[in-house]
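Values quoted throughout were computed directly from the atomic coordinates according to the rules given, and no laboratory measurement underlies them. Remember, predicted model here, so these are calculated numbers, not experimental data. Note: ideal-geometry Cβ built from the backbone for every residue, glycine included; neighbour counts use all protein chains shown.
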């Protein structure tokens with residue numbers, strides 16, 4: 001489809017209220033704590049080079065992955081500063097390898113203790129030859145900063161705002177059942193948990209790489225309380241899958257769209273926030289830290305400022321904290337006692 005036509009249809013569907021789709025319930029207080037009218041959560045797919053090394057959309061995937069990683073590194077200090085300035089927390093869904101200061105090959109093999117995916121292809125990636133870890137530099141974060149980032153995790157944990165660190169698998173795998181055996185999935189997530197615990201982090205939120213949903217039944221067994229789905233932009237409510245385990249639906253991706261003006265980027269995003277407040281829903285935005293500088297410098301600041309202005313109407317929280325409230329583990333929000341009615 002021609003980009004102009006695609007952009008025009010997107011704008012038309014937005015004006016007609018079709019995108020994001022709005023779910024409604026009379027019993028919204030099951031999902032929105034008083035005295036708020038809406039809940040807002042924000043997540044980041046934090047992956048540096050790991051997400052792009054098999055990309056079908058890049059002429060040289062590995063070099064393109066490194067460029068993405070360098071842009072994310074350039075953006076991170078400003079992202080943390082803006083979140084502090086406007087008091088907006090983020091759930092940073094982090095690839096586990098980024099926790100490492102360094103790693104080394106053992107008999108020429110990176111991470112031989114971890115099970116591998118076999119060759120596969122999906123809508124985004126083509127892994128057709130060699131070992132899954134063939135691009136791992138087996139180096140350190142100073143010499144290969146595209147593949148490790150303990151320094152950036154320090155920045156997140158030392159921020160003024162209380163962010164959440166979540167899980168995005170250890171090596172950004174395709175998690176679908178047809179591609180990923182349960183043993184591979186479990187080993188990836190257990191390694192993430194081991195490394196996170198060394199930083200005092202209890203992983204509760206899981207976000208699937210490239211929306212490759214699968215192995216859901218393993219998540220609560222591994223200690224996760226929630227995960228994100230991207231099955232279409234939705235202003236609605238989380239889905240309870242039993243035993244305190246929740247699905248959080250995405251509402252909108254924050255990214256630079258070349259066919260939109262800066263003013264339209266800002267106004268559309270603000271109007272989505274307004275719609276969530278009007279309809280008393282959850283609003284979940286997500287982004288890649290490698291988004292273009294134009295978005296970071298011209299669009300994101302007024303959006304975060306607007307969220308800060310609306311915080312009396314909207315609870316700005318992390319995914320894990322929201323789910324803790326849904327599960328009745330948080331008894332007080334904004335200084336008032338609240339009750340979550342878990343299905």
Mean Cα-pair separation over length for segment 133-198, i.e. relative contact order, pairs under 8 Å, 6 or more apart, %: 20
Label-point gap, in nm, between residue 202 and residue 260 - each point 7 angstrom along Cα→Cβ: 3.7
Virtual spin-label span in nm between residue 13 and residue 231, 7 Å along Cα→Cβ: 1.6
Between 0 and 90°, nearest 10: helix 61-86 axis offset from the chain longest Cα axis: 40
Full-extension gain in nm, residue 253 to residue 309, via 0.36 nm per residue minus C-alpha separation: 18.1 nm
222 nm mean residue ellipticity, helices alone, for the chain (DSSP H n ≥ 4; -39,500 (n - 2.57); rounded to 500): -9500 deg cm²/dmol
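Below 8 Å, C-alpha to C-alpha, sequence gap of six or more: please give me the relative contact order for the chain in percent. Present the calculation step by step, with values, prior to reporting the outcome.
Numbers: 610 pairs, mean separation 94.3, N = 343.
Across the chain, relative contact order equals 28 percent.
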Separation in nanometres of the label points that stand 7 Å from Cα toward Cβ, at residue 81 and residue 4: 3.9
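Using 0.36 nm per residue, how much length does the chain from residue 194 to residue 292 gain when fully extended, once their Cα-Cα distance is taken away? Walk me through the intermediate numbers first.
Numbers: separation 98, 0.36 × 98 = 35.28 nm, distance 3.27 nm.
Net length gain for the segment: 32.0 nm.
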Potential extension, residue 267-residue 25 segment - 0.36 nm per residue separation minus Cα distance: 84.5 nm
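Could you tell me what fraction of 2.2 N^0.38 Å the Cα radius of gyration of the chain comes to, as a two-decimal ratio? Walk me through the numbers before you get to the answer.
Working: Rg = 19.8 Å, N = 343, 2.2 N^0.38 = 20.2 Å.
Normalised by 2.2 N^0.38 Å, the Cα Rg of the chain equals 0.98.
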Rounded, prolate or oblate (a/c below 1.5 giving rounded, otherwise prolate when a/b exceeds b/c) for segment 69-152 by Cα gyration tensor: prolate
Cα long-axis angle, helix 182-197 against the chain (0 to 90 degrees, to the nearest 10): 80
